[in-house]
1. What is the spin-label model distance, in nm, from E254 to S216 if the labels are put 7 Å beyond Cα along the C-beta direction?
2. Which of the peptides 181-188, 390-397 is most tightly packed, and how do the rest follow, going by the mean number of other Cβ atoms within 10 Å of each residue?
3. What's the extension gain from S84 to E189 if we count 0.36 nm per residue and subtract their Cα-Cα distance?
4. Provide S61, S339 ordered by accessible surface of protein heavy atoms (probe 1.4 Å), highest first.
5. Alpha carbon centre of the range 114-184 versus the range 255-273: separation in Å?
6. Give the separation of the Cα centroids, the range 284-336 to the range 348-407, in Å.
7. Along the charge dipole of the range 180-263, pointing to its positive end and built from +1/-1 on Cβ of Lys, Arg, Asp and Glu, which listed residue (I253, S199, V188) has its Cα farthest out?
8. Contact order normalised by length for the range 291-446, with contacts defined as Cα pairs under 8 Å and 6 or more residues apart; what percent is it?
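The values are calculated or read from the model by the stated rules, or taken from the named source; none is laboratory data. Every value quoted in this text rests on a predicted model; they were computed, and no experiment measured them. All Cβ positions, glycine included, derive from the backbone under ideal geometry; neighbour counts span all protein chains shown. Keep in mind that these areas ignore ligands, DNA and RNA; they rest on the heavy atoms of the full protein, side chains included. Shrake-Rupley method; radii C 1.70, N 1.55, O 1.52, S 1.80 Å.
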Amino acid sequence: MVRLNMDFNSDRSRRTVLKGAGLAGTGALTALAGCTGGGNGDGNGNGDGNGNGNGGDGQWSNTLEVLHGWTGGDGAEAADALFSALREEYPDMDVDDQPIGGGGNQNLDQTVANRLQGGNPPSSFAGWPGANLEQYEGVLGDIESEVWDEGGLKEAHAQEAVELCETDDGFSAVPIGSHRLNDLFYNVEVLEEAGVDPSSLSSVDDLIDALDAVESETDATPFAFSLATWCILQTWGTVMLSEHGYDAYMNFIEGEGDRDLVLQTFEKLEELLGYINNDAASVDFTEVNQDIMSGDAAFIHQGNWVAGAYITEGLEYGTDWDAVRFPGTEDYYTLHIDSFIYPGDNPSPEESAAFLRFAGSEDAQVAYNQYKGSIPTRTGVATDEFNDYLTDTIENFDEVSEKPPTLAHGLAVDPSTQSELEGVLNNNFADPYDPEAATDGFMDVV
């Protein structure tokens, strides 16, 4: 993770932040760019109430440049669908969407940091809301008036998503979709060959018994895994929820964790990692997910972006692949949200505001999420275009008792804390595994 250390020239001219909004940031930070003369969709101050509006003649004077990290099988088609829909909505707008690959958004984050620190921000960029936005303190714009209010987004989106997009500087992001982080995906044929009933798994110990069965009865890898530190961190969080529950997980995040429970989580995770692929240290999650699709692996724990790859590859839900909640987390929806973020010193304020209103609309959320393996954060969206898995996930969102924020994707902790946790894992829990040292490190960090 990259924490920005902005030192912009305080002599740069200050501009207002969107219509009616105040300046964001303090000290030597530049004031943030704004929209003038409406900029709310039709050039006359009128939107359609759904986050959409048609540009008036000559409204678009700048290129909309959007950076994102969706380059692989879990996101490329979703991004193409989203930006194709945007171009249909605003055919006269010059749209330059730039995918930047790299696991866990690392290359995207570095590119964004370089651009912001160099005084050359894009129009918008994809990133996580919540605590992740703290790294951009003082350099984001407040889009509450021109985007959230004009588009009617506060009432249209799940409250959790609304709250996560608001910072001390105002509303600085718009959610595009939500992933559930506590799913366990599997290859149906491999589990049938192993004689494993995934619906019977109710604990991590049950899962370990199932991994034993796969190992003894098939040639498949029991547990497809990448030893990237963010993958270890998200699985650690899921095991903590499974073994010790919501309160223990939240207490840890809030700096009041129980050392014994943290240690027990590491010990149980070490058991799970005894069943992973031999190349786990050198592959990313997209590569090991290919093993699920090809039948060379049985289980994978990831966010439901892996389902996006199954969907785009035309694999049949329930026949080729399926999913259950990670054993022991059946009543949780571990919350992950993707969003688009608005830099304050914006090179295309009117185009950016129109794009962000569109990102919050039903058309955009359907276009993107049906391929990404995620669900809309906008409520009441028609599910006709979603497969059965995503429809089930949409229903589950409203049924669960708790929605713990993801530890590995910017919602639960700020980027500096997440980076320190990943550093502990890199030094103490990336084969060989040292649960005691990793526990000490985690307790020190939080």
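1. 4.4
2. My ranking of the peptides, most packed first, is 181-188, 390-397.
3. The S84-E189 span can extend by a further 34.2 nm.
4. Result, largest first: S61, S339.
5. Cα centroid to Cα centroid, the span is 32 Å.
6. Cα centres, the range 284-336 to the range 348-407: 19 Å.
7. I253
8. 24 percent.
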